[in-house]
Amino acid sequence: MTGGERGRREARRRARGELEGEVLAALWAAGEPVTASVVQAKVAGAAYTTVLTILTRLCDKGLVTRRREGRGHVYAPVDDQAGLAAAGMHSLLDEGGDRAAVLSRFVSELSAEDERLLQQLLHGD
């Protein structure tokens, strides 16, 4: 393999977790349970077997459900994008040790607009 070929291959390599995000995005966009081939058609450059592996991992993590339909399976996300992000935030908060310190740091780094939104949500305005 020449240096140019290696460079092109590395340029296409996704960051850790990026492919899982793309598969979840395809499932959210579908709006209904879909087959792995439907997901694969929406994830640029991913092989069918790779998509199946990612779907299996997402099932194992409890983020996606799999249901037998005909001779194959259909997949659906367990939660929407906002729900997944919120669950991730809860998980990080639980792992962060001093909850007050973590929340304080988080709030101190919010934009003014996000701070107003958070205040509205907390006070029911």
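The values are calculated or read from the model by the stated rules, or taken from the named source; none is laboratory data. Given the structure is predicted, the values throughout are model-derived calculations rather than measurements. Positions of Cβ are backbone-derived with ideal geometry, glycine not excepted, and every protein chain shown enters the neighbour counts.
Below are the figures for this structure:
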{"item": "Which listed residue is among the acidic types (Asp, Glu) and in contact (Cβ under 8 Å) with a residue 24 or more places away in the chain, from Asp94, Asp114, Asp80, Asp98", "result": "Asp80"}
{"item": "Some residue of the stretch 61-76 being touching a Ser or Thr at 6+ places or on another chain (Cβ under 9 Å), assigned by TED's automatic domain parsing to the domain that holds Arg13 and among the acidic types (Asp, Glu)", "result": "yes"}
{"item": "Residue tally, condition surrounded by fewer than 13 Cβ atoms within 10 Å (Cβ to Cβ) and under 18 Å from the mean Cα position of the chain (by Cα), over the stretch 62-80", "result": "2"}
{"item": "Lone unmet requirement of (1) closer than 30 Å to Glu115 by Cα; (2) within 19 Å of the chain's Cα centre (by Cα); (3) not basic (Lys, Arg) for Glu32", "result": "(1)"}
{"item": "The stretch 35-48: number of residues that are in a loop (DSSP other than H, G, I, E, B) and of a type in the set (Gly, Ala, Ser)", "result": "4"}
{"item": "Any chance Glu32 is of a type in the set (D, E, K, R), in a helix (DSSP H, G or I), out of contact with any Pro (no Cβ under 9 Å at 6 or more places or on another chain) and in the same structural domain as Arg66 (by TED's automatic domain parsing)", "result": "no"}
